[in-house]
Amino acid sequence: MKLRLRGNSIRLRLSQTEVKALANGDEVVDTTGLALGKFLEFGIRPADAKHVEILATPHGFFVLAPKEILSRWAASEDEGFEAKVPFSDSATTQVVVQKDYACLKPRGEEDHDTFTHPDGGNQKC
């Protein structure tokens, strides 16, 4: 899983294996070491909910996504889904969850377990 944080936005890009795991009702978790004994843990969990939510934890966060959205997305050709999650009375965080496509210019291990790019090599990265 790839993570991008920018301002009040979170983007998760998931491999084929990770998308299948979510469709089967499993959570997907990743951890990045920051310093000795310190780490960032993030992931996405299927939830019995009507809307996408963010669960803050002592070491990071989890996106909680409705099981129905995850099942429909995993079975489709859709690249992803997004939601605005409120964190105060007047502010939201944009959450974007996407399938991770292979780069049009091969990048070796970076492209392992990715989805076939829909442009199929007709453009350059």
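The values are calculated or read from the model by the stated rules, or taken from the named source; none is laboratory data. Please read these numbers as outputs of a predicted model, since none were measured by experiment. For neighbour counting, all protein chains shown are included, and Cβ atoms are generated from backbone atoms with ideal geometry for every residue, glycine included. With ligands, DNA and RNA removed, areas are computed over all heavy atoms of the protein, side chains included. Shrake-Rupley method; radii C 1.70, N 1.55, O 1.52, S 1.80 Å.
With both labels modelled 7 Å from their Cα along Cα-to-Cβ, the MET1 to LEU34 distance reads 1.7 nm. Exposure check, 1.4 Å probe, all protein chains in place: ILE69 carries approximately 40 Å² of accessible surface.
Report the extension gain between GLU41 and GLU77 in nm, rounded to one decimal, defined as 0.36 nm multiplied by the number of residues separating them, less their alpha carbon distance.
This chain segment gains 10.1 nm when fully extended.
Couplings for the stretch 31-41, taken from phi via the Karplus curve 6.51 cos²θ - 1.76 cosθ + 1.60 with θ = phi - 60°, read 9, 10, x, 10, 7, 3, x, 10, 8, 10, 10 Hz in order; Gly and Pro are left as x.
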